Each structure stands twice: as C-alpha cells, then as structure tokens.
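Peer 1: Just passing along the structure, written as structure tokens.
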Amino acid sequence: MSEALSPERIRADVADLLGCAPSEIAPDDDLRDLGLDSVRLMTLVERWRADGAAELELPDLAERPELAHWQSLLTGEQA
C-alpha cells in the first residue's frame, strides 16, 4: 500500500500508542489484549492514511488485530 510504511515503522507506531517497546509485541499477539481500543485504532488508520495508505479502512485492521497481518496488509509483504 505504501512505501513509507515499513514493517518496523508499523510496529513502532503500534508500540507508541500502546506505551510499550516494539520488541514487546509478537507478530501474532491480539493487539486488543495489549490495550488497543477503537480510539487508538482510528488514530493508526488516520496516521497511516496520511503517510500513503489512502485506501486503508478501519475494518481492514479491526477484523484481524495482529501485527503480522497489518504489516502484510500495509506493505504487501508476507509476514
């Protein structure tokens, strides 16, 4: 979707909103269990849209709130 959104950047953005280190988030963690709520999710959607993922919609992330899925979705790379 966007060249600006690397897997590392996606992990760092998620960690920033969750208030943890990027290394604390496993690829298959359910991010809701780590504290991701709808407000934080919408913040990520808006941030990533502004950085080139213009087609991104909230349900794209909400249906599978796992870092590996988001990285694959946003970068086009397989996790």
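The values are calculated or read from the model by the stated rules, or taken from the named source; none is laboratory data. Given the structure is predicted, the values throughout are model-derived calculations rather than measurements. Cβ placement follows ideal geometry from the backbone for every residue including glycine, while neighbour counts extend to all protein chains displayed. These accessible areas exclude ligands, DNA and RNA; they are computed on the full protein's heavy atoms, side chains included. Shrake-Rupley method; radii C 1.70, N 1.55, O 1.52, S 1.80 Å.
Peer 1: For segment 59-79, name all the residues that are polar (S, T, N, Q) and closer than 18 Å to ARG40 by Cα.
Peer 2: Once the filter is applied, which keeps residues that are polar (S, T, N, Q) and closer than 18 Å to ARG40 by Cα, segment 59-79 yields only GLN71.
Peer 1: Can you tell me which residues in segment 3-27 are of a type in the set (A, V, I, L, M), crowded, with 16+ Cβ neighbours inside 10 Å and assigned to a helix (DSSP H, G or I)?
Peer 2: Answer for segment 3-27, where residues must be of a type in the set (A, V, I, L, M), crowded, with 16+ Cβ neighbours inside 10 Å and assigned to a helix (DSSP H, G or I): ILE10, VAL14, ALA15, LEU17, LEU18.
Peer 1: Check whether at least one residue in segment 55-71 is open to solvent by less than 70 Å² (accessible area, probe 1.4 Å) and over 12 Å from the mean Cα position of the chain (by Cα), and report yes or no.
Peer 2: For segment 55-71, residues open to solvent by less than 70 Å² (accessible area, probe 1.4 Å) and over 12 Å from the mean Cα position of the chain (by Cα): absent.
Peer 1: Moving on. Could you tell me which residue of segment 30-52 is most open to solvent (accessible area, probe 1.4 Å), considering only residues that are among the aliphatic types (A, V, I, L, M) and closer than 21 Å to LEU5 by Cα?
Peer 2: VAL39
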